[in-house]
Amino acid sequence: MRVKLAIMTGWIIRTALCFALLLSAAALVRADDATKDAPPPATEATYDETQPGADDPRVREGFEAYKAGDFKKAYDIWLPLADAGNAEAQFRVGRLYRRGEGVPKISSKAASYWEKA
C-alpha cells in the first residue's frame, strides 16, 4: 500500500511540475510577443510641420504634451481641433485611440479619425 502511495504521489508531483513548466513557457512566449508588437515610446514620435494642419500652434502644444507622456492633455488639446477639421489633429487623435494612449484602445475610432484626416 505504501509503495502504491509513493508511486502515486511521485506521479502527481511530476505532473504538477510539468504543468507549471508549460504555463511558465506559455507566459514567456506571450510576454515576448507583446514586446515585439509594442509601439515605440512617445518620446520617439516625430512632428512634420509641412503636413496639413500641423502649422497650428495648438497642435504643436499637444505634440509637446504627447512627447512628455501626458496623453490625456494631448487628447484634450487635439480633440476640439480634430472635430473642427484639423487634419493633423485628426491623425493624432486617431493615433491615441489606436495605441490606447490616454483613451481606451478602440481601433474603429482610430480608423474614423484617420479617414477624416
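Read-outs throughout are calculated quantities, based only on the coordinates presented, and are distinct from any laboratory measurement. Computed from a predicted model, the values in this text were never measured in an experiment. Positions of Cβ are generated from backbone atoms using ideal geometry, with glycine treated the same way; all protein chains shown enter the neighbour counts.
Can you sort Trp114, Trp78 from fewest to most other Cβ atoms within 10 Å of each residue's own Cβ? Write out the running numbers ahead of the final one.
On the way: Trp114 15, Trp78 28.
Lowest to highest Cβ neighbour count: Trp114, Trp78.
Exposure proxy check: Ile13, Ile106 ranked by fewest other beta carbons within 10 Å? Please report the intermediate quantities before stating the final value.
On the way: Ile13 10, Ile106 13.
Ascending number of Cβ neighbours within 10 Å: Ile13, Ile106.
Suppose the chain between Tyr47 and Glu61 were pulled fully straight at 0.36 nm per residue; how much longer would it get relative to their current alpha carbon spacing? List each step's numbers first, then the result.
Working: separation 14, 0.36 × 14 = 5.04 nm, distance 1.13 nm.
In short, 3.9 nm is gained.
Applying the Karplus parametrisation 6.51 cos²θ - 1.76 cosθ + 1.60 with θ = phi - 60° to the phi angles of the stretch 100-117, what ³J(HN,Hα) value in whole Hz is obtained for each residue in order, glycine and proline being reported as x?
Per-residue couplings from phi come out as x, 9, x, 9, x, 7, 10, 4, 5, 5, 4, 4, 4, 5, 5, 5, 5, 5 Hz.
What list do you get for Ser112, Ser107 if you sort them by fewest beta carbons within 10 Å?
On the way: Ser112 15, Ser107 11.
Arranged by neighbour count, lowest to highest, Ser112, Ser107 become Ser107, Ser112.
When all C-alpha to C-alpha distances in the stretch 46-116 are sorted into bins of 10 Å, what percent of pairs does each bin hold, rounded to whole numbers?
Values per bin, smallest distances first: 24, 59, 16.
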